[in-house]
Structures are given as C-alpha cells and as structure tokens.
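A short write-up of the structure that comes next.
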Amino acid sequence: MGFDRPANGTRVGPLLSLDRWPVILSLPSFDVGNRPGSYDSCGLSNRLDYIFISQSLRQFYMSGGLFRKGLWGSRASRPTDWQTYPQMTRSIEQASDHSAAFVELNL
C-alpha cells in the first residue's frame, strides 16, 4: 500500500521500521477515503500524518480514518475529492491544511 514512505522519508523512517509500532494507516479498516495522503491535496507524496499503535493496544483496534471536512488545502477552488464544510468558501477559512487522523479503540 505504500504507507512506509512519507514525503520526507528520513524523519520517521526509523520509527516505521519497528514492527512493534505498526502504523495505523496500514491496518485493516483504516479508511483513507479516495486520496492516500493527509496534507493539502492529499496525494501520496502528502502523506505526512501518522498514528502508531503499540502491540498491547493493537488488540483493541477497531477502525480509523482521515477526516478532511475542515481541509481546503492550497487550491483556489473547493476540493472535489472530499466533502468540506459548506460554510468554507476559501482556503483561509480551513481548520487546518492537514486532515485529522483518528483511531477507534474498543477498550
């Protein structure tokens, strides 16, 4: 799936190689939507946000995803690859230029 190559590669690379800390993005039921990244245009080279989960918590993992409704990015017009809040009409009104990554655990 390519979840092991962040855009900057070297900063999180050592963490990604630790089997005991899997990246949530690579687990079943993690919904990235129709774009693989988490920043700006959400392309593969814009996958910048990661959640790691310990082996002891992995048994409680249920699902997760990327929430993009408050993300407009650097484009001039409204994104068409994901839904945005209707009140947003331009990029300066976005909540962040990053998607919100979330995970659901059954504890």
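Which condition from (1) at pLDDT 80 or above; (2) among the polar types (S, T, N, Q); (3) on the phi < 0 side of the Ramachandran plot is the one that Asn8 breaks?
(1)
How many of the residues making up region 84-107 are in a loop (DSSP other than H, G, I, E, B) and under 22 Å from Val32 (Cβ atoms)?
Filtering region 84-107 down to residues in a loop (DSSP other than H, G, I, E, B) leaves 84-90, 94-97, 99, 106-107.
Cutting the leftovers down to under 22 Å from Val32 (Cβ atoms) gives us 84-85, 88, 94-97, 99, 106.
Going through region 84-107 one residue at a time, the tally reaches 9.
Considering only residues of region 46-83 that are of a type in the set (Gly, Ala, Ser) and surrounded by fewer than 14 Cβ atoms within 10 Å (Cβ to Cβ), which is modelled with the lowest pLDDT?
Taking region 46-83 and keeping what is of a type in the set (Gly, Ala, Ser), we get 54, 56, 63-65, 70, 73-74, 76-77.
Those still in the list that are surrounded by fewer than 14 Cβ atoms within 10 Å (Cβ to Cβ) too: 54, 56, 74, 76-77.
Numbers: Ser54: 84, Ser56: 87, Ser74: 91, Ala76: 90, Ser77: 92.
Out of the qualifying residues, it is Ser54.
Just to check your reading of the model, which residue among Leu66, Leu44 is closer than 14 Å to Leu25 by Cβ and touching a Pro at 6+ places or on another chain (Cβ under 6 Å)? Can you show your working first?
Details: Leu66 fails: touching a Pro at 6+ places or on another chain (Cβ under 6 Å).
Going through Leu66, Leu44 in turn, just one is closer than 14 Å to Leu25 by Cβ and touching a Pro at 6+ places or on another chain (Cβ under 6 Å): Leu44.
The values are calculated or read from the model by the stated rules, or taken from the named source; none is laboratory data. Everything numeric here is computed off the predicted structure, so don't read it as measured data. Using ideal geometry, Cβ is built from the backbone for each residue, glycine included, and neighbour counts are taken over all protein chains shown.
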